[in-house]
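What follows is a single structure, written as structure tokens, with notes after it.
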Amino acid sequence: MSTNDDSFLERSEVRIERTFAAPPARVFRGWTDPELMAQWMWAGMGGEPWAQNDLRVGGAYRAYTKAPGGTHQGEGWSGMCGLYVEIVPDTKLVYTVHWDADVFYNRPGNLTLDEVVTVELTPDGEGTRMVFVHAGLPDDEKCIETHRGGIAYTFDTLAKLL
């Protein structure tokens, strides 16, 4: 996917549906409370995870972790950041994703676009049914499977926190 071809226009998505044994308000808090975000968004993928956000439409969020040898002020931090596009408390969250991490398709020489995540929460008995859609990924099998696996792993950690 270099800047010299049109393949960057071909985009794909990962869709995951999952039920959590927690009410929608608790699941929504897991997605929006910086302390909880830091605990699951980069679960097991580095050290000293941290997150911050300005939870309002147009507000920004950041979620980062330190790679071995990294310092908070310099090299060695990987993460993601973006802007909140839509917020419906306990029901829906839409935000952009910009990677400050090596996700193999955003390396120098590759044109990458920010991605969009939609999280929809609905009551399901005493739990919550979540529909997660990560759109705007390159239409590439390796990319889709890598994201699907990483997202499923972090959702396992989120489930334990809830």
**Request:** For segment 1-21, indicate whether the set of residues that are part of a helix (DSSP H, G or I), buried (at least 19 other Cβ atoms within 10 Å of the Cβ) and modelled with pLDDT of 95 or more is non-empty.
**Result:** no
**Asked** Is it true that E115 is within 20 Å of R15 (Cα to Cα) and at pLDDT 80 or above?
**Response** yes
**Message:** Quick check on my filter: what residues within segment 130-162 are closer than 24 Å to L83 by Cα and basic (K, R)?
**Reply:** R148
**Request:** Within segment 109-156, track down each residue that is closer than 20 Å to G79 by Cα, loosely packed, with under 15 Cβ neighbours inside 10 Å and polar (S, T, N, Q).
**Result:** N110
**Residue check, Y153 within 14 Å of the chain's Cα centre (by Cα) and at pLDDT 90 or above** = no
**Complete:** Result of the Cβ filter at 9 Å on segment 80-92, keeping first residues that are farther than 19 Å from T65 by Cα and outside any strand (DSSP E or B) and partners that are small (G, A, S) and modelled with pLDDT of 95 or more, at least 6 apart or interchain, is P89/A25; D90/A25
**Condition met for A67 (surrounded by 14 or more Cβ atoms within 10 Å (Cβ to Cβ) and modelled with pLDDT under 90)** = yes
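The values are calculated or read from the model by the stated rules, or taken from the named source; none is laboratory data. Computed from a predicted model, the values in this text were never measured in an experiment. When we count neighbours, we look across all protein chains shown, and the Cβ atoms used for this are built from the backbone with ideal geometry, even at glycine.
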